[in-house]
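Remarks on the structure that follows.
Rule-based calculations on the coordinates, nothing more; no lab input. Not measured: the values here are computed from a predicted model. Note: ideal-geometry Cβ built from the backbone for every residue, glycine included; neighbour counts use all protein chains shown.
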Amino acid sequence: MRFVITGATGFIGTELSARLKAAGHDVIPIVRNRAQATGIAQSGSIVVADIAQLDQLPPADTVIHLAGLAHSRTAVESAYLRSNLNGTEAVVRAAKRANIRRIVFMSSIKAMGERSSAGFRPDDYPSPVDAYGRSKLAAENIVRRFQGEWVIVRSPLIYGPGVKGNFHRLLQTVTARRPLPVGAIRNRRSMLYLGNCVHGLEHLATSDAANRVALLSDGSPVSTPNLVRTIARNVGVNPRLIPVPVSLMYGAAWLVGRGAEVQKLAGDLFIDHEYSHASLGWKPPYTFEQGIEQTVKSFLSVQS
């Protein structure tokens, strides 16, 4: 098959492009500049464009749309809309002109909301609470209007070798044996290892199932303390978990305007993985423990 991939040089796109090429598929990356695509384009075909201004796409079977502005503390709503909404709108228009059969859109669990008490399912009513989530949901609505086949993928936090952001900072904190005030937290959060993510995307891009929302994860949700302990075990250190009462954490955080950050640490945000994965006919090939092991191994190799 022939795939056009936006965000092909990013955290997910690089791994997905390599996987599809290894399986014998042709990959056409969309990049901001040609130098970014070195080693990705199998046939030499590269589209150089700003996603929000994309006008044309080459003939292909499927577009996998990964590009967009990720969750950021500093980005304003207009920036999210330009990248995630306008960019998606341009991709959908270009796909229609090129008679592309299918679009696989990488959305986020944030399009559904910030917390779940029973585990999200694909048909749950979405209630995003921040600018990032709202922009992803708005982009989903654009994809749903595509006249061909579409699949929307809502993922939780994605981690793996080369991960950046908050997860990378957590790796640094645990490795440095700095204390973390999360010992009293008893929450459930879904996570998605990069290897499971690209395996799931390949499955969704090549299967017959269409016009659906897909929720992917490693399987059973994990607590924040368990995440820290698993990282520490692979680093080879004893975790320093301070049992600060969750109510006290929330109270202090809201006083300084950082309540949302505590919600990410202490709140529940998980999917009903058994139902969601069964509906897709898919199982993650890697366990959470295997994903953390590979992530820590890569992190330590860079540090040494």
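Among MET106, MET1, MET191, what is the fewest-to-most ranking by other Cβ atoms within 10 Å?
On the way: MET106 25, MET1 15, MET191 22.
Ranking MET106, MET1, MET191 by Cβ neighbours within 10 Å, fewest first, gives MET1, MET191, MET106.
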### Kyte-Doolittle mean at least -1.0 and Cα axial length at least 15 Å: DSSP H helices in the chain
11-22, 87-97, 131-144, 165-175, 194-206, 224-235, 288-303
### Message
With 10 angstrom as the radius, rank VAL104, VAL143 by how many other C-beta atoms surround their C-beta, starting from the fewest.
### Response
VAL143, VAL104
### Summary
Contour minus Cα-Cα span, ASN99 to ASN166, at 0.36 nm per residue, comes to 20.2 nm
### Query
Which order do TRP254, TRP150 fall in if you start with the one that has the fewest other Cβ atoms within 10 Å?
TRP254, TRP150
## Note on the structure
For the SER127, GLN290 Cβ pair and Förster radius 45 Å, calculated FRET efficiency rounded to 0.05 is 0.85
### Message
Could you work out [θ]222 nm for the chain from helices alone, using -39500 (n - 2.57) per DSSP H run of at least four and dividing by all its residues? Round to the nearest 500 deg cm²/dmol.
### Response
-12000 deg cm²/dmol
#### Entry: Placed amide H near ILE271: partners under 5 Å, 5+ positions off or other chain
PHE120, SER190
### Query
So what J values fall out for region 49-61 if you push phi through Karplus, 6.51 cos²θ - 1.76 cosθ + 1.60 with θ = phi - 60°, rounded to Hz, Gly and Pro as x?
6, 7, 3, 5, 10, 4, 10, 9, 10, x, x, 7, 7
### All aspartates and glutamates inside 13 Å of LYS96 as judged from Cα atoms, apart from same-chain residues fewer than 8 positions distant
ASP55, ASP61, GLU149
